[in-house]
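Notes to accompany the following structure.
The values are calculated or read from the model by the stated rules, or taken from the named source; none is laboratory data. Given the structure is predicted, the values throughout are model-derived calculations rather than measurements. FYI the Cβ positions are ideal-geometry reconstructions off the backbone, even for glycines, and counts take in every protein chain you see. In case anyone asks, the SASA skips ligands and DNA or RNA and just uses the protein heavy atoms, side chains included. Shrake-Rupley method; radii C 1.70, N 1.55, O 1.52, S 1.80 Å.
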Amino acid sequence: MAKKPQTKDSGLPTRAEDYSAWYQEVVRVAELAEHSAVRGCMVIKPYGYALWENIKANLDARFKATDPPHQNAYFPLFIPKSFLQKEMEHAEGFALECAVVTHHRLTTDDDGKLIPDPESKLSEELIVRPTSETIIGESFSKWVNSYRDLPLLINQWANVVRWEMRTRLFLRTAEFLWQEGHTVHADAEDAERESLQMLEIYRSFAEDTMAMPVIVGRKTESEKFAGADHTYCIEAMMQDRKALQAGTSHNLGQNFARAFDITYLSKEQKQELAWTTSWGVSTRLIGGLIMTHGDDAGLVLPPALAPVHVAIIPIRCKKDEDRAAAERFLAPLLEALRSKAFHGRALSVEVDYGKDRPGAKHFAWEKKGVPLRVEVGPRDIEQGQVVYVKRTHGGKQTLSREAFAERILDLLGEIQGELYERARSFRDEHTVCLDDRAAFDAFFTPRNPDAPEIHGGFVRGGWCGDASCEAEVKDALRVTIRCIPIEGELAEPFSGACVACGRPALAGQPRVIWAKAY
RNA sequence: CGGAGAGUAGCUCAGCCUGGUAGAGCGCUGCGUUUGGGACGCAGAGGUCGCAGGUUCGAAUCCUGUCUCUCCGACCA
């Protein structure tokens with residue numbers, strides 16, 4: 001393992017020193033996940049999984065709250081190879097990273113070692129799902145008969161496997177957890193409406209719940225999902241100024257309906273080919289959360305998703321009578337706090353009666369990103385007050401016990417807002433409009449190529465629309481077009497030149513977002 | 001999958017060059033003293049040195065193979 005530089009404050013490498021080491025240490029010290037014995041796969045630990053459960057609960061409610069609502073279902077982990085064969089463009093997109101099941105039984109060889117039983121070779125190999133369009137398409141072709149069956153709006157929460165060569169906890173693992181929505185529509189307009197509706201849910205979840213600002217856009221041909229007509233996405237900027245695709249929504253057109261014969265009888269008594277969409281977000285969002293809000297002291301969590309909202313650290317609680325006094329003082333406070341809810345979730349409050357000294361407890365909860373830490377000592381009990389520290393600022397404040405209980409939702413709301421604002425100004429500070437290739441190259445080139453410092457960001461620049469131009473930039477600088485913005489000022493048409501080649505930018509298209517990406 | 005680095009206690013690492021049978025700090029357990037931002041004393045537990053072969057009287061150390069992780073590329077949510 002590479003040597004990890006340490007700072008004496010937090011024991012963590014700093015982001016500026018070594019961003020990658022910082023990320024990995026935050027995942028470790030916050031007890032989110034660890035590497036498993038299986039190559040490329042992670043163990044998600046209870047605190048990390050609690051975060052995922054909160055993400056899941058929030059999104060699940062949003063999916064079910066649409067009109068008409070989406071419903072959850074579950075489809076098999078294994079996909080017959082022939083299903084992938086039916087939509088080759090899609091299959092080719094995943095071919096390089098598929099796990100293939102070839103046998104269904106083990107036996108022992110002459111040395112007593114376990115081997116796949118040659119007698120048990122499958123007549124048709126099974127692919128561990130890298131995504132489920134094909135197997136769900138097969139079901140949908142049976143479920144959809146009439147225009148009355150449409151729209152069909154299904155989501156599944158599942159694990160998927162993509163045999164990645166290079167993995168990083170949460171950001172890219174061979175197996176990951178996600179949700180994948182799959183829908184069927186009577187016409188192109190309704191499918192388009194659906195893919196945009198789900199994109200908007202992702203945007204508001206990212207911004208309102210994760211406090212992570214995103215750019216809403218469309219992928220270029222070369223970046224879109226294989227098999228889709230077009231792909232929408234939300235793109236966020238991490239603190240190393242690289243882009244993270246945080247969610248995607250695909251309008252699949254009639255590609256999968258054609259491959260899997262998803263047809264319906266219309267009102268006009270005609271057999272019609274349906275239109276489908278798919279959309280998903282994954283445990284990668286947790287990586288995004290870490291890299292959007294984390295600081296050199298560790299994880300920082302938005303209150304809307306934090307597994308623990310408030311950590312209470314009693315001072316002097318080892319002796320029975322001291323602990324009893326603390327418990328008596330805290331009982332009404334805990335009751336008041338736990339009866340409240342933030343972003344639809346009851347407040348989670350932990351009292352740390354552990355053996356460590358108070359300072360050690362502060363550091364531990366700070367590393368875990370808990371939004372508010374509260375300190376209650378004998379002096380506070382005497383005066384009926386609590387001392388609290390916001391994770392976003394660190395200064396100690398004092399409030400009466402009752403006032404704190406009354407203010408709690410405001411405090412959490414302030415933290416939620418501060419995190420969003422901080423992330424948005426960071427992104428805006430590192431987003432530039434450029435029209436000149438030399439400036440573009442300089443922007444994306446580190447001063448020290450041997451140990452690249454954090455550099456670059458988002459460039460808003462013109463694009464001629466030519467894929468070979470994209471390829472040339474990617475080859476030269478590892479910079480790609482993250483998206484073509486479709487919302488707000490960013491989506492205003494641009495009539496200048498392509499920042500890469502100087503030819504006129506595509507008419508009616510806005511400046512596109514160029515960046516290095518995860 | 002290419003290039004580079006690294007696998008020794010839960011974590012961070014020393015020991016390897018020059019072979020002689022396992023170390024430190026932190027963490028963990030017990031007892032005591034402590035407790036308002038990483039406490040201290042005493043006593044303990046914990047490692048077939050990534051794995052498999054080989055050389056040797058003897059391997060953490062030398063050789064071969066293999067697996068895994070990290071970083072940089074290619075590919076990708």
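For segment A:478-518, name all the residues that are away from RNA strand B (no atom under 16 Å from the Cβ), open to solvent by 60 Å² or more (accessible area, probe 1.4 Å), among the charged types (D, E, K, R) and not in a helix (DSSP H, G or I).
A:GLU487, A:GLU492, A:ARG503
Of the residues that make up segment A:307-316, is at least one out of contact with any Phe, Trp or Tyr (no Cβ under 9 Å at 6 or more places or on another chain), within 10 Å of RNA strand B (Cβ to nearest atom) and assigned by TED's automatic domain parsing to the domain that holds A:LYS367?
Yes, segment A:307-316 contains a residue that is out of contact with any Phe, Trp or Tyr (no Cβ under 9 Å at 6 or more places or on another chain), within 10 Å of RNA strand B (Cβ to nearest atom) and assigned by TED's automatic domain parsing to the domain that holds A:LYS367.
Any chance segment A:74-95 includes a residue that's within 16 Å of RNA strand B (Cβ to nearest atom) and either assigned to a strand (DSSP E or B) or within 16 Å of A:VAL184 (Cα to Cα) (or both)?
The first filter runs over segment A:74-95 and keeps only residues within 16 Å of RNA strand B (Cβ to nearest atom), leaving A:77, A:84, A:87-95.
From the residues that got through so far, the ones that are either assigned to a strand (DSSP E or B) or within 16 Å of A:VAL184 (Cα to Cα) (or both) too are none.
No, every residue in segment A:74-95 fails to be within 16 Å of RNA strand B (Cβ to nearest atom) and either assigned to a strand (DSSP E or B) or within 16 Å of A:VAL184 (Cα to Cα) (or both).
Against the definition (away from RNA strand B (no atom under 15 Å from the Cβ) and either at positive phi or outside any helix (DSSP H, G or I) (or both)), how does A:VAL459 come out, yes or no? Outline the logic, then answer.
Working: away from RNA strand B (no atom under 15 Å from the Cβ): yes; either at positive phi or outside any helix (DSSP H, G or I) (or both): yes.
Answer is yes for this residue.
Given the condition open to solvent by less than 60 Å² (accessible area, probe 1.4 Å), in a helix (DSSP H, G or I) and closer than 22 Å to A:ALA236 by Cβ, answer yes or no: does some residue in segment A:431-451 qualify?
Scanning segment A:431-451 turns up at least one residue that is open to solvent by less than 60 Å² (accessible area, probe 1.4 Å), in a helix (DSSP H, G or I) and closer than 22 Å to A:ALA236 by Cβ.
Quick check: anything in segment A:266-279 at pLDDT 95 or above, near RNA strand B (Cβ under 9 Å from one of its atoms), under 30 Å from A:LEU171 (Cα atoms) and not polar (S, T, N, Q)? Write out each step before concluding.
Taking segment A:266-279 first, the residues at pLDDT 95 or above are A:266-279.
Right, trim to near RNA strand B (Cβ under 9 Å from one of its atoms) and you get none.
Taking every residue of segment A:266-279 in turn, none turns out to be at pLDDT 95 or above, near RNA strand B (Cβ under 9 Å from one of its atoms), under 30 Å from A:LEU171 (Cα atoms) and not polar (S, T, N, Q).
Considering segment A:353-385 alone, what residues qualify as being without any contact (Cβ under 8 Å) to a residue 60 or more places away in the chain and buried (at least 21 other Cβ atoms within 10 Å of the Cβ)?
A:LYS361, A:TRP365
Picking from A:THR263, A:THR231, which residue would you name as being within 10 Å of RNA strand B (Cβ to nearest atom) and either modelled with pLDDT of 95 or more or more than 30 Å from A:GLN24 (Cα to Cα) (or both)? It would help to see each step written out before you state the result.
On the way: A:THR263 fails: within 10 Å of RNA strand B (Cβ to nearest atom).
None of the others qualify; the one that does is A:THR231.
Could you list, in sequence order, all residues of segment A:162-201 that are in a loop (DSSP other than H, G, I, E, B) and either away from RNA strand B (no atom under 14 Å from the Cβ) or more than 15 Å from the chain's Cα centre (by Cα) (or both)? Walk me through it before giving the result.
Of segment A:162-201, the ones in a loop (DSSP other than H, G, I, E, B) are A:162-167, A:169-171, A:173-174, A:186-187.
Selection gives A:ARG162, A:TRP163, A:GLU164, A:MET165, A:ARG166, A:THR167, A:ALA174, A:ALA186, A:ASP187.
Run down A:ALA174, A:ALA206, A:ALA211 and say which single residue is more than 22 Å from A:THR276 (Cα to Cα), in contact with a Pro (Cβ under 6 Å, 6 or more places away or on another chain) and either at pLDDT 95 or above or not acidic (Asp, Glu) (or both).
Working: A:ALA174 fails: in contact with a Pro (Cβ under 6 Å, 6 or more places away or on another chain); A:ALA206 fails: in contact with a Pro (Cβ under 6 Å, 6 or more places away or on another chain).
Of A:ALA174, A:ALA206, A:ALA211, the one residue that is more than 22 Å from A:THR276 (Cα to Cα), in contact with a Pro (Cβ under 6 Å, 6 or more places away or on another chain) and either at pLDDT 95 or above or not acidic (Asp, Glu) (or both) is A:ALA211.
The rows are residues; the columns are (1) part of a helix (DSSP H, G or I); (2) more than 11 Å from RNA strand B (Cβ to nearest atom); (3) at pLDDT 95 or above.
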{"residue": "A:LEU301", "(1), (2), (3)": "no, yes, yes"}
{"residue": "A:LEU333", "(1), (2), (3)": "yes, yes, yes"}
{"residue": "A:LYS355", "(1), (2), (3)": "no, no, no"}
{"residue": "A:GLU366", "(1), (2), (3)": "yes, no, no"}
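Taking the condition among the basic types (Lys, Arg) and within 16 Å of RNA strand B (Cβ to nearest atom), does A:ARG148 pass? Walk me through it before giving the result.
On the way: among the basic types (Lys, Arg): yes; within 16 Å of RNA strand B (Cβ to nearest atom): no.
Judged against the criteria, A:ARG148 is not a match.
Tell me, which residue of segment A:147-198 that is touching a helix residue (DSSP H, G or I) at 6+ places or on another chain (Cβ under 9 Å) and of a type in the set (Lys, Arg) is farthest from A:GLU235 (Cα to Cα)?
Here the answer is A:ARG162.
Select, from A:LEU32, A:LEU51, the only residue that is within 16 Å of RNA strand B (Cβ to nearest atom), surrounded by 13 or more Cβ atoms within 10 Å (Cβ to Cβ) and either hydroxyl-bearing (Ser, Thr, Tyr) or more than 18 Å from A:THR167 (Cα to Cα) (or both).
Numbers: A:LEU32 fails: either hydroxyl-bearing (Ser, Thr, Tyr) or more than 18 Å from A:THR167 (Cα to Cα) (or both).
Result: A:LEU51 is the single residue among A:LEU32, A:LEU51 that is within 16 Å of RNA strand B (Cβ to nearest atom), surrounded by 13 or more Cβ atoms within 10 Å (Cβ to Cβ) and either hydroxyl-bearing (Ser, Thr, Tyr) or more than 18 Å from A:THR167 (Cα to Cα) (or both).
I need the full set of residues from segment A:386-406 which are buried (at least 17 other Cβ atoms within 10 Å of the Cβ) and within 11 Å of RNA strand B (Cβ to nearest atom), in order please. Walk me through how you get there before you give the answer.
The initial filter retains those residues of segment A:386-406 that are buried (at least 17 other Cβ atoms within 10 Å of the Cβ), namely A:386-392, A:399, A:401, A:404-405.
A:VAL386, A:VAL387, A:TYR388, A:VAL389, A:LYS390, A:ARG391 - these are the residues of segment A:386-406 that are buried (at least 17 other Cβ atoms within 10 Å of the Cβ) and within 11 Å of RNA strand B (Cβ to nearest atom).
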